[in-house]
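Since the structure comes first, as C-alpha cells, the remarks are kept for the end.
Only the coordinates and a few stated rules stand behind these numbers; no lab work does. Quick caveat: nothing in here was measured; it's all calculated off a predicted structure. When we count neighbours, we look across all protein chains shown, and the Cβ atoms used for this are built from the backbone with ideal geometry, even at glycine.
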Amino acid sequence: MSLVVGFAGKKRAILAGDKRRIAFFGRAERLEEELYGGEIRSSEDLERRAVEFGSKIAITDGREKVWKRGGVQVGEVTELSADRQRRRRVYLVPGGYLLVEVDGQKAEISKRGASTLIILGNRFTRDFAFKRLGSGMPPDEASLRSLFEEVGRLTASVSPDYTILISDSVHPDPEAVLLRALKEDCEEGGWELSGPA
C-alpha cells in the first residue's frame, strides 16, 4: 500500500498514484510497521532492514495504480496476502466519486458523493498528503507533482515515478457513469456488489 490521491470537483477530476509494489514473503510485521510508519526512507534502507529482520521482499516500480475505464478515473491500493485480498478503489469523474472496498470476492461502496479529496495509502503517506492538501485550494497537477516528488524522497513505500490523470468531461449523471464502471469491474473481477448501488 503506498499512495493514491484523487479529487472530484464540479468541473474537474484529478487522480494520481505512484507505481511501487512491495511483496513481503513470510513474517514481516516489524518491517512493515517501520516502512508504513515512515521510518524507512530509501529502497536501499528497506532492503537492508529486511535482511536485518530476516524478511524477504521484492520491490518493483511498474504497477499502475491509476487508470481510466472509459471516461472514469480509477485508483487502487491493495493489501494482498496468501489468505486475503483486500482492495480500496476510488472511481472519479467531475461531479462525483465512489469509494469502494473489495474484500475477497465482495465489493461494497463505502462512500459516495459529488465532491471530495480522497487519499489512500499507508499511515505515513496519508498523513503527509493530508497535511499538504487537506486544507485550502483543491489539488491541481502542480501540487500533486510536488507532493509525489516530496513523499517519494521521504519514504521507501512510494516510487519515484507516478501517474497523474486529469478530466474535465462533465457527465449529465455522474453517479450513473461511476456505477457503470464499478459494475463492469465487478463482472471482470468476479466480485459481488453488495449494499445499495
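Observations
- Beyond 21 Å in Cα-Cα separation lie the following of the pairs Lys10/Lys65; Lys111/Lys183; Lys68/Lys131; Lys19/Lys106: Lys10/Lys65; Lys68/Lys131; Lys19/Lys106.
- Charged side chains reduced to their Cβ positions (Lys and Arg at +1, Asp and Glu at -1) give the chain a dipole of some 300 debye around its Cα centre.
- Only Lys, Arg, Asp and Glu carry charge here, each on its Cβ (+1 for the first two, -1 for the last two); on that basis the stretch 22-102 has a dipole of about 460 debye about its Cα centre.
- Partner aspartates and glutamates for Lys11 [C-alpha distance under 14 Å; skip if fewer than 8 residues away on the same chain]: Asp140, Asp168, Asp173
- Mean ellipticity per residue at 222 nm, deg cm²/dmol - from DSSP H runs of n ≥ 4 across the chain, formula -39500 (n - 2.57): -9500 deg cm²/dmol
- Each 5 Å bin from zero up to the one holding the largest Cα-Cα distance in the stretch 93-151 carries the following percent of pairs: 4, 15, 21, 23, 20, 12, 5, 1.
- Shape call, the chain: gyration tensor on alpha carbons, a/c limit 1.5: oblate
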